[in-house]
Amino acid sequence: MPSSESWNSEGLPGWSYRSERILELEKERVFLTHWHVVGHANDIPEPGDWLSFDLLGERALVIRGKDGTIRAFQNTCRHRGSRLVEGDKGHCRGALLCPFHAWVYTLEGQLKTPSQPDKFPALDPSEWSLQVLDLEEWRGFLFLRFEPGPQGSVASLMARHEKELEIYPLETLQPASGFYTSPIQEVNWKAMVDVDNECYHCPSAHPGLTDLYGKGYEEGPWLDGTHRIRGPFNQTPSRQELNKRYRALVEQHPSPFSALPQAWLYIGLFPSSVLVFYPESAGFYRSIPLNTTQSVMNGADYSYANESESMKQARDIATDINDIVLKEDKHICALHYQATASKYWHQGYFGDSEKALREHHDKLRSLIPELEGNRI
Ligand code: FES
Ligand SMILES: [Fe+2]
C-alpha cells in the first residue's frame, strides 16, 4: 500500500556532493563547530599519553597532563607551526618536544622554553602556550570541537540515550585493536553518511546483516543532534555460518554482559560520528572528508576489562561481519556517488524509511542555506 505520509522527500542537490565551495562552508559551519568523537579516556591512561585527530587541514592533540586531566590543543607548535606529535597515538615523557626546533611545552600545554632562548625576547607562557580546544568526556568517550558552535554539551546531546546506555559499563572499556582507517574512498563524505543513515538498503545490500538483525530493525529520527539505530537479533535462528557462531557465543557471555540486549545499537552524533554498542564490546567510527571527492571512515574498537573467551571470540566475529558490511556499503556508496557527476541526475527522492537521511540533509540545509540555491 502506498505511504500516506506527506513530507518533503527531496535530497540535497547532486552538485553539492562535488562543490569545493560547499565543502569550505561545511568546514566552517559544520565540521569545526560541532563535536567529534576522538577516542576513550582509557586510550590515554598515563600522563603524557596522547592521541591525535586530523580534519580538513586542521589537527588536534589530546593529552593527559601530569595532574591526570585530559586536555585538547591544536597540534601545532607556536613557533613555526610544526606538528607536535605524529601518528594516531603515543606517549611523550615529561614534556612535549617540538620535532622542528625543539621548543618545549608542558603536558598541560604551557610553553616551558624555546630552544636557545637567548635568540628570542622573553616569551610570556600565557601568550605562547598551546591553543586550547573544547574537550568533553562522556562516559569515558572523548569528544572535541575546534570552535564553540550551536551544539550544547555532549552530555546534553546524549541525555535522551542515557537510560538505554546505563546498563553498558562504558567507563571500563579498554582499547582493543587500536585506531583503524578505511582505504580512501572516492566519494564525498555526505554520500558515506547518507548510506549510514538508512537501512532501506539492508535487505538488498547486506544479506548477512539481514540474517542477523534484519527483521526487527529500529531507526529513530535525528533529534536534537543525535540519531538512534538499533538492530535486535532476529527471533528466528540465523542461517549464515558467521551469524550462527556469533549468536551462539553471545549466549555464553557471563554476567553482567549476559544482561545486555542482544542487539547492535548505533548512536549517531551530528555531523558524522557514530558510537556503537554490542553485547560484548563497543566502539566508534566517523566519516571524514579528505576533499570534495575523497573520504575515509575511521574509528576504534574497545573491549571490556576482563572479557570472557566468548566475548573475545564474539568480538572477533563481529569485526569479520562488519568487514563484509563495510565492503558492501563501499560498493553501493560508490554506485550512488557516481550519479552526482552526471548532468542528468539532480537529487534523491526519499521514502518513509529514509527519513533520518532527509533530517540529516535538513540539518545541513539549516546551517548552509546556500544548499538551497543555485550551484556554487
Ligand atoms: S616549529 Fe616548533 S620549535 Fe620551531
Ligand atoms: Fe549499509
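The values are calculated or read from the model by the stated rules, or taken from the named source; none is laboratory data. Everything numeric in this text was worked out from a predicted model, so none of it was measured. Note that we place each Cβ from the backbone using ideal geometry, even for glycine, and neighbour counts take in every protein chain shown.
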## Note on the structure
Of (1) within 16 Å of Glu137 (Cα to Cα); (2) free of Cβ contacts under 8 Å to residues at least 40 places away in the same chain, Gly81 fails just (1)
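State whether the residues of the stretch 266-284 include one that is farther than 30 Å from Leu364 by Cα, modelled with pLDDT under 95 and part of a loop (DSSP other than H, G, I, E, B).
no
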### Task
Would you be able to say whether some residue in the stretch 155-171 is under 19 Å from Gly48 (Cβ atoms) and either touching a Phe, Trp or Tyr at 6+ places or on another chain (Cβ under 6 Å) or surrounded by 16 or more Cβ atoms within 10 Å (Cβ to Cβ) (or both)?
no
### Task
Could you tell me whether the stretch 226-235 includes any residue that is within 30 Å of Ser366 (Cβ to Cβ) and polar (S, T, N, Q)?
yes
### Message
Name the single residue that is nearest to Leu364 (Cα to Cα) among those in the stretch 163-204 being among the charged types (D, E, K, R) and within 11 Å of ligand 2 (Cβ to nearest atom).
### Response
Asp194
### Every residue from the stretch 210-250 that is within 16 Å of ligand 2 (Cβ to nearest atom), among the aliphatic types (A, V, I, L, M) and closer than 30 Å to Gln151 by Cβ
Ile229
### Query
How many residues are closer than 12 Å to Leu142 by Cβ and over 16 Å from the mean Cα position of the chain (by Cα) when one looks only at the stretch 32-48?
2
### Task
Please state which one of Ala176, Ala159, Ala191 is modelled with pLDDT of 95 or more and either under 27 Å from Thr292 (Cβ atoms) or assigned to a loop (DSSP other than H, G, I, E, B) (or both).
Ala191
### Query
Out of the stretch 328-352, which residues are over 14 Å from Tyr200 (Cβ atoms), part of a helix (DSSP H, G or I) and more than 16 Å from ligand 2 (Cβ to nearest atom)?
Gln338, Ala339, Thr340, Ala341
### Query
Which residues, counting only those in the stretch 220-246, are within 21 Å of the chain's Cα centre (by Cα) and either crowded, with 20+ Cβ neighbours inside 10 Å or assigned to a loop (DSSP other than H, G, I, E, B) (or both)?
Gly220, Pro221, Trp222, Asp224, Gly225, Thr226, His227, Ile229, Gly231
### Message
Would you confirm, using the coordinates I've provided, whether Leu51 is surrounded by 20 or more Cβ atoms within 10 Å (Cβ to Cβ), of a type in the set (A, V, I, L, M), in contact with an Asp or Glu (Cβ under 6 Å, 6 or more places away or on another chain) and modelled with pLDDT of 95 or more?
### Response
yes
#### Entry: Test: Gln313 is part of a helix (DSSP H, G or I), of a type in the set (S, T, N, Q) and within 25 Å of Arg21 (Cα to Cα)
no
#### Entry: The listed residue being more than 16 Å from ligand 2 (Cβ to nearest atom), closer than 23 Å to Ser273 by Cβ and of a type in the set (D, E, K, R), out of Arg93, Arg78, Arg71
Arg71
